[in-house]
Amino acid sequence: MSIVVICPGRKVDYWIDALKETDPEVEVLTHEQVRENGSVIYALAWDQPPGIFSRYPNLRCVSSLGAGADHLVRDPDIPDQADIVRIIDPRLSDDLFEFSLAVVMNRLRSLTRYKVKQLEKKWEKKLYNRIEDLSIGIMGTGVIGGHVAEKLCSLGFSVNGWSRSGDRPGSYCKYAGKEEMEAFLENTDILICILPLTDSTKGILNKENLMKLPEKSYLVNLGRGGHLVDNDLIELLDSGHLSGASLDVFHFEPLPEDHPFWEHPGIDITPHVASITDPSKVAPQIIENYHRVKKGIRPKNTVSKEKGY
Ligand code: GLV
C-alpha cells in the first residue's frame, strides 16, 4: 500500500522527504513513480490535473496539502468511498493572523502609500488611524478565522465575526447567517475574507454585499479568488466606495499578466502567501491518518462533501 503525492508546480520532493522522514516504512511516490495504481490508498493533492484520481480505484482518503480543500470537494473523480481531509495546523492559523495583522497595520499607517511616494520623491504626510479607530470584520470564523478574530481582539481591535451559524466560542462580536450579514457589513471598516470556497460562498464578495460596507472601507481577501467578483471590486474602487484592497488569492493563479488587478493603484497583490504549509510540520498528521485509513479507521480532519468544508 502506498501514498501518492500530486502537486504540479510545487516542490514534491519536500513532501516526500518529510513523509519518509516521519515514517521510513511507508511507500511515498510521485504520480509518475507509481507502477501499481491499485496499491495507492492515500493521495495528497494540490492543483491536481483533471481526471487523475480515476487512475486510483482503491483510494480510501485524499488529503489537501493545505487548510482549504475546495479543489478536492469539486473533483468528480474522487471515489465515493474515499474521505477528503484537510490540514489543521495551529501554525497555519498563526500565519494567517500575522499576515492579517501586517495588512491591517500597513493600512492604518499607509506604508505602501509612502513607498509609492518615495519612488516619486514626494514628502507628503497623511493622517493615520489607530487600532481603536476602525472595526475589523472577519468573514468566516472557523478554526482559522476564529483564531484570527480572537488574536486581533486581544490586541485591542474592535472585531466582528460572520459565519453561517455563529456558534463558535469567542470574545469578538458574532453575526450569523444571511439575516445578519447586512449588519455585519455595515459595522465593518476592514473586511477580511477567510471563508472556505463552497457553492454558497462563491462570489460572496460582490457589489451588492460590498456596497453595504461603509464608504471608504477596505477589503482583504485571504480565502479564495472565487469569493470575489473581480469586476465589481474594480468598479467599487474606481467609484471610491472602497478605499483599497489587498488580495492574496485569485481566480487563476498565478494571476495572468494581462489581469487589470496588476496595475490598479488601489490593489495590493501578494502571490498566495498568507499561510504556506510546512511539510515537515504536518507530515506526522498525514502519516497518522494514513495508518488510520490502512487499519480501516476514519481519518481525522475530514471535510464534509455536502457542506464543502
Ligand atoms: C492555503 O490557501 C491553504 O488552503 O492552506
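Contact map, segment 112-132: first residue assigned by TED's automatic domain parsing to the domain that holds Ala102, second residue not in a helix (DSSP H, G or I), Cβ cut-off under 6 Å, separation 6 or more or different chains; pairs are Thr112/Asp268; Lys117/Glu124; Lys126/Ser110; Ile131/Gly156; Ile131/Phe157.
Does segment 273-295 contain at least one residue that is on the phi > 0 side of the Ramachandran plot and either assigned by TED's automatic domain parsing to the domain that holds Arg164 or over 22 Å from the mean Cα position of the chain (by Cα) (or both)?
Just the residues of segment 273-295 that are on the phi > 0 side of the Ramachandran plot, to begin with: none.
Scanning segment 273-295 turns up no residue that is on the phi > 0 side of the Ramachandran plot and either assigned by TED's automatic domain parsing to the domain that holds Arg164 or over 22 Å from the mean Cα position of the chain (by Cα) (or both).
Scan segment 157-173 and give yes if some residue there is surrounded by fewer than 21 Cβ atoms within 10 Å (Cβ to Cβ), at pLDDT 95 or above and of a type in the set (Gly, Ala, Ser), otherwise no. Among the residues of segment 157-173, at least one is surrounded by fewer than 21 Cβ atoms within 10 Å (Cβ to Cβ), at pLDDT 95 or above and of a type in the set (Gly, Ala, Ser), which makes the answer yes.
Looking only at segment 183-205, filter to residues that are under 25 Å from Arg74 (Cα atoms) and open to solvent by 40 Å² or more (accessible area, probe 1.4 Å); which one of those is nearest to the chain's Cα centre (by Cα)?
Step one: of segment 183-205, the residues under 25 Å from Arg74 (Cα atoms) are 192-205.
With open to solvent by 40 Å² or more (accessible area, probe 1.4 Å) added as a condition, the list becomes 196, 199-200, 202.
Working: Pro196: 7, Asp199: 16, Ser200: 16, Lys202: 13 Å.
By that ranking, first place goes to Pro196.
A single member of Asp95, Asp83, Asp47 is acidic (Asp, Glu) and assigned by TED's automatic domain parsing to the domain that holds Val148, and it is Asp95. Could you list all residues from segment 1-29 that are of a type in the set (Gly, Ala, Ser) and part of a strand (DSSP E or B)? The answer is Ser2, and nothing else. In segment 91-132, the qualifying residues are those that are open to solvent by less than 50 Å² (accessible area, probe 1.4 Å) and in contact with a Lys or Arg (Cβ under 8 Å, 6 or more places away or on another chain), and the one that is nearest to Gly266 (Cα to Cα) is Ser110. Inside segment 57-69, residues that are in contact (Cβ under 8 Å) with a residue 60 or more places away in the chain and more than 8 Å from the ligand (Cβ to nearest atom) make up a count of 3. Summed over segment 142-153, residues that are open to solvent by 10 Å² or more (accessible area, probe 1.4 Å) and in contact (Cβ under 8 Å) with a residue 40 or more places away in the chain total 5. Only one entry in Arg86, Arg91 is in contact (Cβ under 8 Å) with a residue 12 or more places away in the chain and more than 25 Å from Phe252 (Cα to Cα), namely Arg91.
The values are calculated or read from the model by the stated rules, or taken from the named source; none is laboratory data. None of the values given here were measured: they were computed from a predicted structure. Note that each Cβ is placed from the backbone with ideal geometry, even for glycine, and that neighbours are counted across all protein chains shown. Protein only, heavy atoms only, side chains kept; ligands, DNA and RNA dropped before computing areas. Shrake-Rupley method; radii C 1.70, N 1.55, O 1.52, S 1.80 Å.
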